[in-house]
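Presented below is the structure to which this report refers.
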Amino acid sequence: MPTAMSGPLIAGEVSLPEVMAQLQQDRPVFHSERDLQHSFARVLWKMAPTVEVRLEVRQNSPEAAGAEYLDLLCIGATARTAIEFKYRTAKWTGTADPDQEQYTLKSHSATDLARLGFVSDIARLERFGKPNQNGLALLITNEAGLWTPPKQNNTRDRDFRLHEGRTLTGQLVWGRDDYKPNRRHLNGSYSLNWHSYSMQDGLRGEFRYLAVFIGPEPTPGLPAQP
């Protein structure tokens, strides 16, 4: 499995691998997606105290049909990062370090909808883009079907597959394109590389994460846009 490597900075201050390494130590498992959002923001603030964080920020995209909200906005002195989170779980019960906290995770099933949701986050972050603001779509899961190559390629979500080594780009259609509300178009090209997050006891105890950055990368010295 590929190891995490340095890449674009969050709010122009800290790299994602650094944040994830600390997050893995503090919170190897999460109770919910909101738990993940809060924990990520807390770790980021601990590592980069000058970065301001805002949850559930309304966006004013001209292409939006209605109100749209961003999970987390990270505001640095010279750059911003918009983040969308996904936490999809398979059924797992156990305790996790560092405090042996008890977790009971339910199964979200419907991996096709998980793929659609993650691709939709990438498309949203492209729409939310501003000068000197990059985007990050982050998925953490213990559902191996999301990172494993498919055994068949005739499923309705074949264009939305997220397995290791795949590239997402261009027009993605759902099924035979007979349900156009699920069609997505990506302006950029995104290579998918999964990384180890944590390993817990029992069946479905392996957690991995997938991170996709959406440009532009922050430009040093350029003030963050309001």
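The values are calculated or read from the model by the stated rules, or taken from the named source; none is laboratory data. This structure is a prediction, so every number in the text was calculated from the model and none was measured. Cβ coordinates were reconstructed from backbone atoms using ideal geometry, including for glycine residues, and neighbour counts include every protein chain displayed.
Figures for the structure shown
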item: Residues of segment 73-89 that turn out to be surrounded by 22 or more Cβ atoms within 10 Å (Cβ to Cβ) and under 10 Å from Glu52 (Cα atoms), as a count; result: 2
item: From Pro17, Pro49, residue being of a type outside the set (Asp, Glu) and under 18 Å from Tyr197 (Cα atoms); result: Pro17
item: Residue check for Trp194: buried (at least 16 other Cβ atoms within 10 Å of the Cβ) and at pLDDT below 95; result: no
item: Which listed residue, of Phe40, Phe85, is under 30 Å from Arg158 (Cβ atoms), modelled with pLDDT of 95 or more and not in a loop (DSSP other than H, G, I, E, B); result: Phe85
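Residues checked against (1) under 28 Å from Glu68 (Cα atoms); (2) modelled with pLDDT of 95 or more; (3) more than 13 Å from the chain's Cα centre (by Cα); (4) of a type in the set (A, V, I, L, M):
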residue: Gly129; (1), (2), (3), (4): yes, no, yes, no
residue: Leu139; (1), (2), (3), (4): yes, yes, no, yes
residue: Glu143; (1), (2), (3), (4): yes, yes, yes, no
residue: Asn153; (1), (2), (3), (4): no, no, yes, no
residue: Arg161; (1), (2), (3), (4): yes, yes, yes, no
residue: Gln171; (1), (2), (3), (4): yes, yes, yes, no
